[in-house]
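The structure appears below as structure tokens.
Nothing in this text is a laboratory measurement; each read-out follows from the coordinates by a stated rule. The model shown is predicted, which means the values in this text are computed figures rather than measured ones. So basically every Cβ, Gly included, is an ideal-geometry build from the backbone, and we count neighbours across all protein chains shown.
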Amino acid sequence: MILKKGTVIDSLSIPDFDNKYSIYLPKDFDKQKTWPILMGFNSQKNTVETTKLFQEAAEEHGYILAVTDFENNKNIKDQVKYVSSFMKHMISLFPVQQGRICIFGNDIDSRLVSLIPALYSDQIFGVIAIGDSYFYNQSIKIKRNFSYIGVVSTDNYRYKDFFKNKQYLKSKAVPADIFVQEGETQFPNKRLLNKALSQFTMQSMLKGRIPKDSIWVRSMFDRDLKQVDEYLKNGQYLFAYNEVKRIRISYSMFFDTKFLKDKQKEIRKMPSYKREKRIWLKYSNQESALRNTYLFSLEEDINTVSFENLGWWQYQVSELDTLLKNNQKSARHAAKRVKDYLRYIVDEYKNVLLDNPKALEVNMLLNILSTIIDKDDFDSYKRIISLSAQDRDFKTALFYLEELLKKGYKDLDALYAIDGTLTLRISKEYNKVIQDYLGTSKFFSKK
């Protein structure tokens with residue numbers, strides 16, 4: 001197979017699989033040399049876009065880059081089998097440098113990808129987990145011969161979990177770092193991806209897998225310090241302080257970086273840093289308290305099937321919505337994380353109880369909670385209509401039908417395909433509500 005260097009090639013096939021993958025070879029790729037490789041696993045069907053996202057970093061750091069389609073709805077055994085087959089296929093095609101195989105995943109794909117080093121500890125050297133991750137604990141045996149990079153946004157409800165992950169891995173002597181980006185974004189900043197690969201290159205030097213290049217290391221050091229200046233210029237004092245600390249630790253294995261402690265002290269003395277740190281701590285503590293309160297309260301309400309507490313939940317969500325409009329970034333980020341965390345734990349309960357016919361009332365409660373958390377969660381409105389109809393509570397079903405239509409829902413056919421609503425959907429009342437909002441219905445017309 002002949003592939004063009006310096007450009008993304010897509011729609012390539014893997015023997016015995018329907019999956020497709022994209023590849024990028026550095027411009028100076030030479031089959032007579034061995035190369036590190038970065039492999040991505042993507043269930044969002046956008047392998048080309050993802051490959052292009054990493055293209056710049058792969059080119060600069062001399063990595064073969066390959067991103068494959070990935071079926072996330074299969075069982076974990078089949079997923080792991082495919083990961084193994086894809087790695088073997090790449091190694092059969094290219095002169096891959098052993099001990100420098102790195103992998104990455106974005107969002108839900110990161111959960112499995114970050115677990116792979118525990119399964120293939122002698123092959124995987126680095127992991128980049130973007131937006132989500134497997135969160136390690138004593139149940140998973142991990143070796144020290146891989147490096148972990150987490151990339152997370154300040155709006156991600158997993159934000160604090162990433163730092164707990166780092167703390168745990170560090171306690172096991174596994175090189176680990178977290179790169180944070182501001183706000184909510186679907187894809188990570190290219191600069192952070194570049195930094196991730198530079199970290200892997202530095203770890204390769206420290207582990208003796210490639211020769212140490214002091215000139216290159218110093219250039220990376222200088223570039224990272226320029227980012228600190230950029231943070232300070234933009235008034236991002238916490239980012240600046242944390243980055244100086246990271247740089248001091250990361251580069252201390254190559255040369256003396258103790259002088260950066262003075263830079264940290266300088267930033268800590270800045271009034272703007274003190275103010276930003278104080279505000280951040282305030283809302284970070286509030287976030288932790290709310291998460292614990294919501295987790296405990298939700299468990300209690302589910303155990304007692306307490307519909308009476310829905311008013312309290314409405315109040316809590318309205319308070320979070322108010323906080324989302326706060327003029328302090330730390331407040332907005334914390335509120336977003338708490339709200340998404342609440343959505344996550346409700347969804348987790350829903351997934352567990354989805355097919356339990358004896359849990360109709362609990363399912364009803366959870367879906368009502370979903371509509372309180374997200375007023376545009378159309379699937380939950382339809383699920384409430386379905387459950388109410390099955391319980392022959394047509395009054396509630398009609399109420400949530402009207403609420404759904406008030407939110408702008410317009411899929412007429414879907415309203416007549418909701419499970420368990422056969423009797424309801426041919427009723428005059430059901431069709432009249434639809435007629436009032438959509439101007440038409442299937443079994444009723446105004447005269």
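Comparing Q138, Q286, Q167 in a Gaussian network model of the chain where C-alpha atoms under 10 Å apart are linked, the largest mean-square fluctuation is found at Q138. Under 21 Å of direct C-alpha separation, and excluding same-chain neighbours fewer than eight residues apart, K31 reaches these lysines: K4, K5, K88.
Each label point was placed 7 Å from the Cα along the Cα-to-Cβ direction; for S288 and S306 their separation is 2.5 nm. Cα centroids of the stretch 265-313 and the stretch 340-391: 24 Å apart.
Relative to the dominant Cα principal axis of the chain, helix 329-353 is inclined by about 60°. For K258, which lysines qualify as cross-link partners when the Cα separation must be under 20 Å and same-chain residues fewer than eight apart are set aside? Correct list for K258: K226, K245, K269. Each principal axis of the Cα cloud of the stretch 8-193 was evaluated for its coordinate range; sorted largest first, these ranges are 41, 33, 33 Å. Remark: relative contact order (the stretch 375-447) = 29 percent; criterion is Cα-Cα distance under 8 angstrom and separation of 6 or more residues. Within a straight-line Cα-Cα reach of under 14 Å, K265 can be paired with the following aspartates and glutamates, leaving aside sequence neighbours fewer than 8 residues apart in one chain: E243. Straightening the chain between Q138 and R343 buys 71.1 nm, computed as 0.36 nm per residue apart minus the Cα-Cα spacing. Counting every C-alpha pair in the stretch 284-374, the share spaced more than 18 angstrom apart comes to 43%.
Taking every Cα-Cα distance in the stretch 309-443 and sorting them into 5 Å bins from zero, the calculated P(r) comes out as 2, 10, 19, 19, 17, 13, 10, 6, 3, 1, 0 percent. Ordering 323-333, 62-72 by mean Cβ neighbour count within 10 Å, with the highest value first, yields 62-72, 323-333.
Look at the alpha carbon pairs under 8 Å that are at least 6 residues apart: their mean separation over the length of the stretch 8-193 gives a relative contact order of 17 percent. Kirkwood radius for the stretch 94-196, taken over all pairs of different Cα atoms as the inverse mean of 1/r, rounds to 13.7 Å. Packing order of peptides 12-22, 211-221, 387-397, highest average first: 387-397, 12-22, 211-221 (average count of other Cβ atoms within 10 Å over each peptide's residues). The stretch 17-58 gives an Rg/Rh value of 1.00, both radii derived from C-alpha positions and Rh following Kirkwood. Look at where the Cα atoms of the stretch 221-252 and of the stretch 137-178 average out, and the two centres are 21 Å apart. Sorted from greatest to least, the principal axis extents spanned by the alpha carbons of the stretch 44-138 come out as 35, 28, 23 Å. Size of the chain: Rg and Dmax of its alpha carbons, in Å, are 25.9, 86. Shape summary of the stretch 4-99, radius of gyration then Dmax from alpha carbon positions: 13.0, 39 Å. A viscosity of 1.567 mPa s and a temperature of 4 °C, combined with the Kirkwood radius over C-alpha pairs in the Stokes-Einstein formula, give the stretch 164-285 a diffusion coefficient of 81 µm²/s. A viscosity of 0.890 mPa s and a temperature of 25 °C, combined with the Kirkwood radius over Cα pairs in Stokes-Einstein, give a translational diffusion coefficient for the stretch 223-346 of 144 µm²/s. What is the stretch 375-447 by shape, rounded, prolate or oblate, if you read a ≥ b ≥ c off the alpha carbon gyration tensor as root eigenvalues and call it rounded for a/c under 1.5, prolate for a/b larger than b/c, and oblate otherwise? The shape class here is oblate. Cross-link pairs exceeding 20 Å between alpha carbons, from the set K336/K406; K164/K325; K382/K406; K160/K339: K336/K406; K164/K325.
As a length-normalised measure over Cα pairs under 8 Å and 6 or more apart, the relative contact order of the stretch 284-374 settles at 36 percent.
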